[in-house]
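Computed from the coordinates by the stated procedures, all read-outs in this text should not be read as laboratory data. All values reported here derive from a predicted model rather than from experimental measurement. Note: ideal-geometry Cβ built from the backbone for every residue, glycine included; neighbour counts use all protein chains shown.
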Amino acid sequence: MKEKTSITLSSDLLVEVDRNAGSARSRSAFIEGVLREYFKGKVRQAIHEHDLQILNANADYFNREMEDVLRYQAPIEWTTEDD
């Protein structure tokens with residue numbers, strides 16, 4: 001459900017809204033789209049921060065696991081065309 005509201009914008013910002021909305025979208029549709037993207041970004045940022053907290057809290061464990069995995073890696077001999 002949509003509700004009518006009123007906002008006040010500075011004239012230079014309104015010019016940018018009109019320019020970016022183009023003739024295909026109304027100001028309202030453009031501003032609604034911008035706000036939706038903004039809030040989706042906030043959710044993504046919160047998820048990223050939560051994931052980062054988990055990674056940081058378990059960094060020592062992950063590092064030990066990686067060291068263990070690397071012990072099983074076969075040595076690689078690199079050759080170049082010059083050899």
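Angle, helix 27-57 long axis vs. longest principal axis of the chain, Cα atoms, 0 to 90°, nearest 10?
30 degrees
Could you calculate the contour length gain from residue 42 to residue 6, that is, 0.36 nm times the residue separation minus the distance between their Cα atoms, to one decimal place in nm?
Extending this stretch completely gives an extra 10.6 nm.
For residue 26 and residue 57, FRET efficiency with R0 = 41 Å and r from the beta-carbon atoms, rounded to 0.05?
0.30
Working out 0.36 nm times the residue gap between residue 49 and residue 71, then minus their Cα-Cα distance, what length gain in nm do you get to one decimal?
Length difference between fully extended and current span is 4.8 nm.
Return one number: the angle in degrees, 0 to 90 and rounded to the nearest 10, between the long axis of the Cα atoms of helix 11-21 and the longest principal axis of the Cα atoms of the chain.
70 degrees
Mind putting a number on the dipole of the chain about its Cα centre? Charges go on the C-beta only, +1 for Lys and Arg and -1 for Asp and Glu, and I need it in Debye to the nearest 20.
My answer is approximately 1160 debye.
Using the 10 angstrom Cβ neighbour count as an exposure proxy, how do 1, 66 rank, fewest first?
Least to most surrounded, the residues fall as 1, 66.
Using each residue's phi in the stretch 63-71, evaluate 6.51 cos²θ - 1.76 cosθ + 1.60 at θ = phi - 60° and report the 3J(HN,Hα) Karplus result to the nearest Hz, with x for Gly and Pro.
Computed from phi, the couplings for the stretch 63-71 are 5, 5, 4, 5, 4, 5, 4, 5, 5 Hz.
Viscosity 0.890 mPa s, temperature 25 °C: Stokes-Einstein D of the stretch 11-71 from its Kirkwood Cα radius, in µm² per second? Walk me through the numbers on the way to the answer.
Numbers: Rh = 15.2 Å.
Translational diffusion coefficient: 162 µm²/s.
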